[in-house]
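Q: Before anything else, here's the structure in question.
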Amino acid sequence: MQTLTSLPDLRAALAQLPKPLGLVPTMGYLHAGHLSLVNTARQQCETVAATIFVNPTQFGPNEDLSAYPRDMEGDLEKLRNEGTDIVWTPTKEEMYPANFQTWVNVEELTTYLEGAMRPGHFRGVTTVVAKLFNAVRPDKAYFGQKDAQQVAVIKQMVRDLSYPIEIIVCPTMREFDGLAMSSRNAYLKGDERRAATVLYRALNAAKSAYKSGERSANTLRHLMADTLRAEPFAKMQYVSCAHPLTLKDLDWVEQDALFSMAVYVGRTRLIDNFLLDGGKWVTG
Ligand code: AMP
């Protein structure tokens with residue numbers, strides 16, 4: 001496995017490696033969710049590249065950029081064990097040189113859900129992902145269903161900017177009790193860790209009501225919200241039942257729906273979702 005920092009070194013190394021090339025972008029502090037993306041890329045591509053970059057422009061002024069957990073040594077070890085060929089760890093200066101002033105912004109999709117709660121977040125995400133795509137020029141890029149809106153926004157960007165890249169979405173990996181794996185779970189203290197399963201419980205409440213025949217999106221949203229409110233350590237930010245591609249609120253749930261939520265558990269902000277895709281549940 002080669003670990004590179006500069007863009008010229010990355011380009012030179014990639015030029016020697018066979019196609020198809022798969023890219024797994026990450027912000028590091030890797031867990032089994034990240035590694036499942038690498039593993040899927042390993043099965044589908046001749047060369048697997050991963051990137052580790054804590055992207056400052058996708059954090060709001062009051063968010064956790066400086067506290068964001070990091071473990072470069074551990075991450076490289078995990079990527080090596082998973083069979084990664086190339087790891088790019090660009091510096092902030094490489095990604096955002098002085099006088100940087102060009103941004104990529106997906107306009108409408110980013111006004112909903114996470115975009116509404118975290119102004120500027122997706123502008124940072126699409127800008128950095130566009131730069132990673134330009135640098136690595138992968139044939140396929142791997143993203144987690146855990147960040148469902150990010151998937152929708154990146155697919156839109158790929159269409160709009162004509163990137164010749166296939167976006168592969170991998171299921172959400174969970175802890176034994178259903179909590180979606182996340183680097184931010186490291187912030188959960190004491191009782192918060194147990195309380196954090198409330199997101200999974202709320203999503204399951206909607207899923208089982210749907211399975212029993214409930215089709216009113218409002219009723220399903222209320223069921224999720226009621227489950228969240230019953231957990232004293234949790235503070236709901238939003239629950240949503242929306243179309244998975246347009247992210248617009250649904251009135252009735254038929255074959256395709258994204259059930260999603262953002263919840264504070266203590267001071268830690270967690271997101272999770274279940275996808276109903278053509279009548280089949282993708283829960284991870
Ligand atoms: P991050 O390092 O949080 O930016 O995540 C990097 C990639 O890993 C993104 O595509 C995430 O959606 C994906 N990811 C994060 N958590 C999980 C998980 N629990 N299961 C599957 N993929 C995940």
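The values are calculated or read from the model by the stated rules, or taken from the named source; none is laboratory data. These numbers come from a predicted model, not from an experiment. All Cβ positions, even for glycine, are placed from backbone atoms using ideal geometry, and neighbour counts span all protein chains on display. Keep in mind that these areas ignore ligands, DNA and RNA; they rest on the heavy atoms of the full protein, side chains included. Shrake-Rupley method; radii C 1.70, N 1.55, O 1.52, S 1.80 Å.
Q: Straight-line reach from Lys280: which aspartates and glutamates have a Cα under 13 Å away, not including same-chain ones fewer than 8 places off?
A: Glu254, Asp256
Q: Can you give me the solvent accessible area of Thr91 with a 1.4 Å probe, rounded to the nearest 10 Å²?
A: Solvent-accessible area, nearest 10 Å²: 60 Å².
Q: With every protein chain present, what is the per residue accessible area of the chain (1.4 Å probe, Å²)?
A: Heavy-atom SASA per residue in the chain reads 46 Å².
Q: Output the 0 to 90 degree angle, nearest 10, between the alpha-carbon long axis of helix 217-229 and the longest principal axis computed from the alpha carbons of the chain.
A: Relative to the chain, helix 217-229 is tipped by roughly 90 degrees.
Q: Pop out the ³J(HN,Hα) list for the stretch 271-282 in order, Karplus 6.51 cos²θ - 1.76 cosθ + 1.60 with θ = phi - 60°, rounded to Hz; leave Gly and Pro as x.
A: 10, 7, 7, 10, 10, 9, 10, x, x, 10, 7, 10
Q: Would you please classify the overall shape of the stretch 2-170 from the alpha carbon gyration tensor, given that a ≥ b ≥ c denote the square roots of the eigenvalues, rounded means a/c under 1.5, and beyond that prolate means a/b larger than b/c while oblate covers the rest?
A: Verdict is rounded for the stretch 2-170.
Q: As a test of the formula, what do you get for the chain when each DSSP H run with n ≥ 4 contributes -39,500 (n - 2.57) and the sum is divided by the residue count, at 222 nm and rounded to the nearest 500 deg cm²/dmol?
A: -10500 deg cm²/dmol
Q: Follow-up. In the chain, which longest range has no trypsin sites (Lys or Arg not before Pro) that are both DSSP loop (not H, G, I, E or B) and surrounded by at most 16 other Cβ atoms within 10 Å?
A: 71-188
Q: Continuing with the same structure: Antiparallel as a % of all DSSP beta bridges within the chain, to the nearest 5?
A: Counting DSSP beta bridges with both partners in the chain, the antiparallel share is about 55 percent.
Q: GNM on the chain, C-alpha springs below 10 Å: top fluctuator among Asp71, Asp226, Asp147?
A: Among Asp71, Asp226, Asp147, the largest mean-square fluctuation in the Gaussian network model of the chain belongs to Asp71.
Q: Would you mind getting the Kirkwood hydrodynamic radius of the stretch 188-282 from its Cα pairs, rounded to one decimal in Å?
A: When all Cα pairs of the stretch 188-282 are included, the Kirkwood radius is 13.3 Å.
Q: Any idea what the dipole of the stretch 75-136 comes to, in debye rounded to 20, about its Cα centre with Lys/Arg Cβ at +1 and Asp/Glu Cβ at -1?
A: With only Lys, Arg, Asp and Glu charged at Cβ, the dipole is about 120 debye.
Q: Using the Cβ atoms and a cut-off under 10 Å, what net charge is assigned to the surroundings of Ala135, where Lys and Arg are +1 and Asp and Glu are -1?
A: For residues surrounding Ala135, the net value is +2.
Q: At a 1.4 Å probe radius, which order do His222, His31, His121 fall into by accessible area, largest first?
A: My answer, sorted largest first, is His222, His31, His121.
Q: Which value, in debye to the nearest 20, gives the size of the charge dipole of the chain about its Cα centre, when Lys and Arg are +1 and Asp and Glu are -1 at the Cβ?
A: That gives the chain a dipole magnitude of about 260 debye.
Q: Right, another one. For the stretch 228-284 and the stretch 1-79, what is the separation of their C-alpha centers, rounded to whole Å?
A: 27
Q: Carbon and sulfur atoms: what percent of the 1.4 Å accessible area of the stretch 23-112 do they account for?
A: Here carbon and sulfur together make up 47 percent of the probe-accessible area.
Q: Dividing the Cα radius of gyration by the Kirkwood radius, what Rg/Rh value follows for the chain?
A: 0.96
Q: Still on this structure, please answer the following. For the stretch 170-284, what % of the accessible area comes from carbon and sulfur atoms, probe 1.4 Å?
A: Of the solvent-accessible surface of the stretch 170-284, carbon and sulfur hold 52 percent.
Q: Let me ask something else about it. If you look at just the Cα atoms of the stretch 221-266, how large are its Rg and its Dmax in Å?
A: In Å, with Rg to one decimal and Dmax whole: 11.7, 35.
Q: Work out from phi, with θ = phi - 60° and the Karplus expression 6.51 cos²θ - 1.76 cosθ + 1.60, the ³J(HN,Hα) of each residue of the stretch 200-206, listed in order in whole Hz, and give x for Gly and Pro.
A: 5, 5, 5, 5, 5, 4, 5
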